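The values are calculated or read from the model by the stated rules, or taken from the named source; none is laboratory data. In this text the structure is predicted, and so the values were computed from the model without any measurement. Positions of Cβ are generated from backbone atoms using ideal geometry, with glycine treated the same way; all protein chains shown enter the neighbour counts. All accessible areas refer to the heavy atoms of the entire protein, side chains included, with ligands and DNA or RNA removed. Shrake-Rupley method; radii C 1.70, N 1.55, O 1.52, S 1.80 Å.
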Amino acid sequence: MAKLADSVRVNTIPSARKQRALRKTNVIGWLFASPWAIGLLCFYAIPMLMSIYFSFTTYSILQPGEFVGMSNYIDLFHDPLFWKSIYNTIYFTVFFVPLSIFFGVALAMMLNMKVKGMAVFRTIFFLPTLVPQVALAVLWMWLLHPNFGLVNGMLAHFGIDGPPWLGGEAWSKPSLILMSLWGIGQAVVIYLAGLGDIPDEYYEAAQIDGANWFQKTRKVTIPLLTPVIFYNLVMGMIGAFQQFTLPYTLTKGQGTPANSMTFYVMYLYENGFRYFKMGYASAMAWILFIIVMALTGIVFITSKRWVHYQGK
């Protein structure tokens, strides 16, 4: 019995030490993660939950506000500028996201060619993404100026009367789409990574079958690049619905001309921080959240039909 007790004691000592070491490791891990966890709780989770309550109140930052139920949501659906901001945002999303995918994939395929000095061209196309959006807006304001802008000046040399661009209601959003497409270098880098992940064996097999470059692109490149396209589609759609800096800088927060540049997040910001209608702005924020989540869910559901993964 004595030998058995000694044996149990010897076997339990290492186990107890391992448990203490494991607890110590867990404590150290939580200490290192605590700054991020505290930041997430204080600056994201708590404000997000509070905004749900504020969306049912007349909270205005300066005053605690009163509970008004669904009044903010009802007022939003009767607000013409609310619907105008939704239209502007959807217009931008519908045109910008597909164009960014098309030009992003096309540029990535060109920059993926085995040509001497290609690293220089890759750097050139990526550089616009490093320019702050405020500086980008100021640059394009001068380029697209209807009277002495560089773009209309070049068109005048060919006898073409340039459009008013940012000064016209019909051309303001297309101008913004053009500016945004100038900065798709970050998406191009992701597409390049996706292209580099496609095995050469697929192209060699297609070559043996007599496929030309278009057939290789349609049957090999695009299908195997769909996971990357899917990622950029979701991220581009979310980013498009949050468009703010460019239109706000271009119009100085006015959304001119004729509110054609009043985007959803701009109108949300105006209500929250200019008019101090924080309850109204919170309701707008949650409507935007629901719209984005619904569209993202639709994309995820439909992705089963068109996203192809290697080996599946």
### Summary
Non-local residues with an amide H under 5 Å from the amide H of Thr57, with H modelled 1.01 Å from N and Pro and chain starts lacking one, are Val68
#### Entry: ³J(HN,Hα), Karplus 6.51/-1.76/1.60, whole Hz, each residue of region 186-203, x for Gly, Pro
5, 5, 4, 4, 5, 5, 4, 5, x, 5, x, 8, 7, x, 5, 4, 5, 5
### Message
Order 18-25, 242-249, 281-288 from most to least packed using the mean count of other Cβ atoms within 10 Å.
### Response
281-288, 242-249, 18-25
#### Entry: Debye intensity ratio in log₁₀ form over the Cα atoms of region 176-261, taken at each q of 0.23 Å⁻¹
-1.10
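Applying a 10 Å radius around every beta-carbon, put 255-265, 125-135, 190-200 in order of their mean neighbour count, most first. Please list the in-between numbers first.
On the way: 255-265: 21.1, 125-135: 13.3, 190-200: 15.0.
Descending mean neighbour count gives 255-265, 190-200, 125-135.
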### Query
What is the count of Lys pairs in the chain whose alpha carbons sit under 16 Å apart, if the two are 8 or more places apart or on different chains?
4
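Excluding ligands, DNA and RNA, what is the solvent-accessible area per residue of the chain at a probe of 1.4 Å, expressed in Å²? Don't skip to the answer; put the middle values down first.
Values: 19700 Å² over 312 residues.
On a per-residue basis, the chain sits at 63 Å².
How big is D, in µm² s⁻¹, for the chain by Stokes-Einstein at 20 °C and 1.002 mPa s if Rh is the Kirkwood radius over C-alpha pairs?
On the way: Rh = 24.1 Å.
D, rounded to a whole number, is 89 µm²/s.
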